[in-house]
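Please read the structure below before turning to the comments.
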Amino acid sequence: MSIEVKGLNFFYNKGQVFEKKALDDINMFIADGEFVGIIGHTGSGKSTLIQHFNALLTPDSGAVYLNGNDINADKTKHAEIRRKIGLVFQYPEHQLFEISVYKDVAFGLQFLNLPPQDVDRRVRGALKVVGLSEDYFEKSPFELSGGEKRRAAIAGVLAMEPEILILDEPTAGLDPKGRDEILEQIKILGEELKITVVLVSHSMEDVARLVDKVFVMADSKIVLHGSVGEVFANSELLESIGLAAPQITYLMKELSQRGFSAKGGVYTVNDAFRAIKDVLDE
Amino acid sequence: MEIIKFENVSYEYIRTDEQQRITQRFEAIKQLNLSIEKGEFVAVLGHNGSGKSTLAKLINALIQPKSGTVTVNGFDTSVEENIYKVRKSAGMVFQNPDNQIIASVVGEDVAFGPENLGIKSAEILRRVREALESVGMLKYFDYSPHNLSGGQKQRIAIAGVLAMEPDIIVLDEPTAMLDPLGRRDVLKTVMKLNAEKNITSVLITHFMDEAALAQRIIVMEGGKIAMDGKPAEVFSQVEKMRELRLDVPQITELNYMLKKSGVNMPLGILTVKEMTDELCRLKLRA
Ligand SMILES: Nc1ncnc2c1ncn2[C@@H]1O[C@H](COP(=O)(O)OP(=O)(O)O)[C@@H](O)[C@H]1O
Ligand SMILES: Nc1ncnc2c1ncn2[C@@H]1O[C@H](COP(=O)(O)OP(=O)(O)O)[C@@H](O)[C@H]1O
Ligand SMILES: [Mg+2]
Ligand SMILES: [Mg+2]
């Protein structure tokens, strides 16, 4: 499913003293099956933007199109849209409430009128993707660690088999292995099921490694977008808006200044390894 | 002088049912020994559930050991009369910037701790100003904290701790929820306080690049200390770190990959500068 945003403006508390323009003339296109990253300083509007993708928020002007259809043209379709667009909120663990992990993951499925064996297959499948083994099925969500709760919450969204998966800073507070496992699984899932994935992240390293395309937000606007290379080549601009380029970029820059001329356009450790080896093996 | 000392410390979480019967016990800290010198900047790493927050709470006397002794600034934290003194010497900063700010004006929020100590108002004002100055937030004295960014809120939380004039500051994943600039500002602040005021700093983090800035890294695993050493020593053990569900900074990872592929270079490279020097040296030789 593709997502297109045209001339979107959005205000919190419109017309009141505390009016805040949270989205300012947003235009973007995400193709079907793409894996995109959204980066931006705290308060730049990332969470506000993605909540427009599944009609939790409605634009004050402009429009959001899914596969070319304006999602706000017919509000009676919102429930259906929300089933197709899986949104993992920032701190989704706050939304766990069932008596067991299994039940929590199955919660959204009860509204789909699926045969029980399908519910079971989906719940098990989703828990497998996030790495929660059968030992966890009957545990209360409240007994889980922060990282485990996060996994359970993501599984709840995956079980709905969404056509677009949106994740709002899904790895904040997770240990490095947990972070990598979840992101790798999401990447594989996106590729296997050919679904569109939108990842909001503060980790420039993760974004550089995983996504096809990056949107950069600052002060309610999209200030830059393009491929990983096109975006992270602008390290000064990124720094001026409170972001950074991936750590490895600074090494490549320093090397080129010191006359160690490795190939350009390197933003990940793997690419840096190959580029440096090429020079050393010459 | 050692300012924090753990001697054979164990701690157990106990869950009870409605009738106060014990249903579950979990030993989160096991026979742990640790000493931290005054003025040290120590990073604590470890996967989720390894016991880092429990360790922090033991330092701050929020909990007391089941067995063994925790001594902070010379005070045994298990002795009731000492708890107040321990909390005064060891301040804590937590992960969520929004849960730590109480007052509706920044200055009042920072004054909250010293007010509870019964300090005179002129002295409180001096402390609050000095604390806000140290974290680079003095100009926000009259602001509402709610409009600040996450990184700014965390620096206000640090100022709140500083106003108590502590000897130790324990930060439990203070940057987990921040954007890159927020993280940078909080780290700079911690390093400055450590360098200029000699405040012993214990930083719990999942960011390897932050830990690389500390003088010493402790890695927790299953309620015990699995590794303890200088960043270069700890991070040069890439495979061991991965087994412990951790990682190493990107530069160190590259260092490891190059070395493994036969490039003749030492392990334990942490900074862009060291790596550049090393690579330029190799290229000259070639
Ligand atoms: N429910 C709300 N009411 C009023 N203002 C809000 C609300 N949610 C967010 N904002 C404001 O809108 C702006 C964008 O917020 P958000 O989309 O959460 O940013 P991000 O996800 O990039 O951190 C911020 O200035 C924030 O304070
Ligand atoms: N209040 C609690 N009750 C029961 N078990 C707990 C409690 N707090 C933590 N634990 C358990 O103790 C272990 C260590 O927890 P913690 O110190 O919070 O780890 P970390 O901070 O390294 O993630 C974990 O297995 C966790 O599930
Ligand atoms: Mg957000
Ligand atoms: Mg913790």
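The values are calculated or read from the model by the stated rules, or taken from the named source; none is laboratory data. Small disclaimer: the values here were computed from a predicted structure and weren't measured. Counting neighbours? That spans all protein chains shown, and the Cβs are built from the backbone with ideal geometry, glycine included. Note: areas computed on protein heavy atoms with side chains; ligands, DNA, RNA excluded. Shrake-Rupley method; radii C 1.70, N 1.55, O 1.52, S 1.80 Å.
Could you bin all the Cα-Cα distances of region A:79-213 into 10 Å bins starting at 0 and give me the percent of pairs in each, rounded to whole numbers?
Computed distribution, short to long bins: 12, 47, 34, 7, 0.
Mind ranking B:Phe207, B:Phe26, B:Phe94 by accessible surface for me, highest first, 1.4 Å probe?
B:Phe26, B:Phe94, B:Phe207
For chain B, max minus min Cα coordinate along each principal axis, in Å, sorted largest first?
Projected onto its principal axes, the Cα set of chain B covers 69, 52, 37 Å.
For chain A, which longest stretch is free of loop sites, where a loop site is one of the chymotrypsin sites (Phe, Trp or Tyr not before Pro) that DSSP puts outside H, G, I, E and B and that has at most 16 other Cβ atoms within 10 Å?
Working: sites that count: A:Phe18, A:Phe97, A:Phe137.
The segment A:138-282 is the longest one with no such site.
Looking at this model, which pairs from B:Lys52/B:Lys260; A:Lys84/A:Lys139; A:Lys77/A:Lys103; A:Lys149/B:Lys52; A:Lys128/A:Lys187; B:Lys38/B:Lys88 are more than 21 angstrom apart at the alpha-carbon?
Long pairs (Cα-Cα over 21 Å): B:Lys52/B:Lys260; A:Lys84/A:Lys139; A:Lys77/A:Lys103.
Give me the number: length gained by fully extending A:Lys20 to A:Asn270, i.e. 0.36 nm times residue separation minus the C-alpha to C-alpha distance, one decimal in nm.
Additional length available on full extension: 85.8 nm.
For B:Ser78, enumerate residues with amide H under 5 Å from its amide H, sequence gap 5+ or separate chain, H modeled in the peptide plane.
Placed amide hydrogens put B:Val70 under 5 Å from B:Ser78.
Given 10 °C and 1.306 mPa s, how large is the Stokes-Einstein diffusion coefficient of region B:128-286 in µm²/s, with Rh as the Kirkwood radius over Cα pairs?
90
Taking a virtual spin label 7 Å from the Cα of B:Ile102 along the C-beta vector, which residues in region B:134-164 bring their backbone nitrogen under 13 Å of it?
What the label zone holds, given the 13 Å backbone N cut-off, is B:160-161.
What is chain A by shape, rounded, prolate or oblate, if you read a ≥ b ≥ c off the alpha carbon gyration tensor as root eigenvalues and call it rounded for a/c under 1.5, prolate for a/b larger than b/c, and oblate otherwise? Walk me through the numbers before you get to the answer.
Values: a/c = 1.99, a/b = 1.27, b/c = 1.57.
Judged from the Cα gyration tensor, chain A comes out oblate (a/c at least 1.5, b/c at or above a/b).
Taking the Cα-to-Cβ direction at A:Leu237 and at A:Asp118 and moving 7 Å from each Cα, how far apart do the two end points lie in nm?
The modelled label-to-label distance comes out at 4.6 nm.
Using the crude model of +1 on Lys and Arg Cβ and -1 on Asp and Glu Cβ, and no other charge, please compute the dipole size for the protein assembly as shown relative to its Cα centre, in debye to 20.
In debye, rounded to 20, the protein assembly as shown gives about 480.
Out of the total accessible area of chain B (probe 1.4 Å, heavy atoms of protein only), what percent is carbon and sulfur?
Using a 1.4 Å probe with all protein chains present, chain B comes out at 50 percent carbon and sulfur.
Can you work out the FRET efficiency for the pair A:Ser256 and B:Arg285, with r the C-beta to C-beta distance and R0 = 22 Å, to the nearest 0.05?
In this case the efficiency is close to 0.65.
Rank-order B:209-219, B:116-126 by packing density, defined as the average count of other C-beta atoms within 10 Å over each peptide's residues, highest first.
Details: B:209-219: 21.3, B:116-126: 12.0.
So the order, starting with the most tightly packed, is B:209-219, B:116-126.
Which of rounded, prolate, oblate describes the protein assembly as shown, given a ≥ b ≥ c as roots of the alpha-carbon gyration tensor eigenvalues and a/c under 1.5 marking rounded, otherwise prolate only if a/b is larger than b/c?
Rounded is the answer for the protein assembly as shown, as its axis ratio a/c remains below 1.5.
Whole number please: convex hull volume per residue of the Cα set in region B:138-218, in Å³?
About 97 Å³ per residue, rounded to a whole number.
Expressed as an acute angle from 0 to 90° and rounded to the nearest 10, what is the orientation of the C-alpha long axis of helix A:247-257 relative to the principal long axis of chain A?
Relative to chain A, helix A:247-257 is tipped by roughly 10 degrees.
Please say if region A:1-96 is rounded, prolate or oblate, where rounded means a/c under 1.5 for a ≥ b ≥ c the square roots of the C-alpha gyration tensor eigenvalues, and otherwise the choice is prolate for a/b larger than b/c and oblate otherwise?
rounded
Mind checking the per residue accessible area of region B:149-218 for me, 1.4 Å probe, whole number of Å²? Kindly include the intermediate steps, with their values, before the conclusion.
On the way: 1880 Å² over 70 residues.
On a per-residue basis, region B:149-218 sits at 27 Å².
Helix A:269-281 versus the longest principal axis of chain A: what is the Cα-based angle in degrees, 0 to 90, to the nearest 10?
Approximately 30 degrees, to the nearest 10.
Express the relative contact order of chain B as a whole percentage, based on alpha carbon pairs under 8 Å and six or more residues apart in sequence.
Relative contact order, chain B: 21 percent.
Run the simple label-point estimate for B:Arg126 and B:Gln215 please: 7 Å along Cα→C-beta, distance reported in nm.
So the two model labels end up 2.8 nm from each other.
Return the Rg/Rh ratio of region B:1-121 with Cα-based radii and a Kirkwood Rh.
Rg/Rh: 1.01.
Taking the mean number of other Cβ atoms within 10 Å as a proxy for protection, how do you rank A:72-80, B:225-233 from highest to lowest?
B:225-233, A:72-80
Using alpha-carbon positions, what is the distance between the centroids of region B:99-114 and region A:119-171, in Å?
37
Using a 10 Å cut-off around each Cβ of peptide B:274-285, what is the average number of partner chain Cβ atoms that fall inside?
4
Please turn the phi angles of region A:128-143 into ³J(HN,Hα) values with the Karplus equation 6.51 cos²θ - 1.76 cosθ + 1.60 (θ = phi - 60°), one per residue in order, whole Hz, x for glycine and proline.
Calculated HN-Hα couplings, in order: 5, 4, 8, x, 9, 6, 4, 4, 8, 3, 9, 5, 6, x, 6, 7 Hz.
Using a simple spin-label model with points 7 Å from Cα along the Cα→Cβ vector, what separation in nm is obtained for B:Arg242 and A:Gln90?
Going by the 7 Å Cα→Cβ label model, 3.3 nm.
Between A:His78 and A:Glu184, what is the FRET efficiency for a Förster distance of 30 Å, r being their Cβ-Cβ separation, to the nearest 0.05?
That gives a FRET efficiency of 0.40.
Using the 2.2 N^0.38 Å rule of thumb for compact globular proteins, work out how region B:51-128 stacks up: its C-alpha Rg over that value, please.
1.27
Below 8 Å between Cα atoms, with a sequence gap of 6+, how large is the relative contact order for chain A in percent?
22
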